[in-house]
Amino acid sequence: SQQGEEDPQALSIQEGENATMNCSYKTSINNLQWYRQNSGRGLVHLILIRSNEREKHSGRLRVTLDTSKKSSSLLITASRAADTASYFCATDRGNTPLVFGKGTRLSVIA
Amino acid sequence: GAVVSQHPSRVICKSGTSVKIECRSLDFQATTMFWYRQFPKQSLMLMATSNEGSKATYEQGVEKDKFLINHASLTLSTLTVTSAHPEDSSFYICSARVLDRGRVDGYTFGSGTRLTVV
């Protein structure tokens, strides 16, 4: 069953702008992760944030986690056309499999 | 880093035939492997969890006799789609948990298999 709900479902921005995607989940978690998937391809792991962390950075990516609101956000700064992809959040509770959200389709227009 | 190799990447088969998809952990031991299915423009849906040396655990609504999972070794898990039908056409992807000193440090995914049943 899916736990995460991303919004927006689709996002279209100009190159150079920032893209923000949000994810909400329903139950307690151990970790939350963000993945990217190019059309018809496999998943690329972007970043993992643990339940006791509030913010994490990796290059142009910034992830926040608010466990009280059961939500997370992914910010991509200075977006590029190559960032065009679907982005999924996924949660786990330790020894459970990852449960994926519905994803956000990001289009970055050059 | 931990890598899962998935084969084949693409397969076309006739209705009624069976297709086997393999996932190998290349530089680590995967006692547990997860199998997901993804329909076009949708998210990944967990099908089953395979455990080395024991029976797989299937999610509700997934037919275990149709999607046979075998995890006979610490580095190989297979998914066989039996008597495939066009509605089984989908993107199948496997995943293994990566541990660092016993703590979950992420998940690694195979590159996926695009199955088309004609």
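Legend: translational diffusion of the protein assembly as shown by Stokes-Einstein, Rh = Kirkwood radius over C-alpha pairs, 20 °C, 1.002 mPa s; D = 118 µm²/s. For chain B, set up a Gaussian network in which alpha carbons nearer than 10 Å are linked by springs, and say which option among B:Asp100, B:Asp88, B:Asp27 fluctuates the most. Among B:Asp100, B:Asp88, B:Asp27, the largest GNM mean-square fluctuation belongs to B:Asp100. Count Lys and Arg as plus one, Asp and Glu as minus one, and take only other residues whose Cβ is under 13 Å from that of A:Leu61; the net charge is then +3. Placing +1 on the Cβ of every Lys and Arg and -1 on the Cβ of every Asp and Glu, with nothing else charged, gives chain A a dipole about its Cα centre of roughly 220 debye.
For the Cα trace of chain A, dividing Rg by the Kirkwood Rh returns an Rg/Rh value of 0.95.
Just checking the listed ones, B:Cys13, B:Cys94, B:Cys23: in the Gaussian network model of chain B with Cα springs under 10 Å, the one fluctuating most is B:Cys13. Take each residue of peptide B:34-43, count the partner chain Cβ atoms within 10 Å of its Cβ, and average: the result is 4.
Taking the Cα centre of chain B as origin and assigning +1 to Lys and Arg Cβ atoms and -1 to Asp and Glu Cβ atoms, the resulting dipole is close to 160 debye. Across all Cα pairs in chain B, the calculated P(r) in 5 Å bins from zero up to the longest distance comes to 2, 13, 23, 25, 20, 11, 5, 2, 1, 0 percent per bin. Distance from the alpha carbon centroid of the range B:1-50 to that of the range A:1-67 works out to 23 angstrom.
Taking the charge dipole of chain A about its Cα centre, with +1 at Lys and Arg Cβ atoms and -1 at Asp and Glu Cβ atoms, the residue from A:Thr77, A:Ala19, A:Trp34 reaching farthest to the positive side is A:Trp34.
Could you identify which residue out of B:Ser43, B:Ser25, B:Ser83 has the top mean-square fluctuation in a GNM of chain B using Cα springs shorter than 10 Å? Highest fluctuation of the listed residues: B:Ser43.
Readers should treat all values here as calculations from the given coordinates under stated rules, not as data from a laboratory. Values in this document were obtained by computation on a predicted structure and should not be read as measured data. We place every Cβ from the backbone using ideal geometry, glycine too, and count neighbours over all the protein chains shown.
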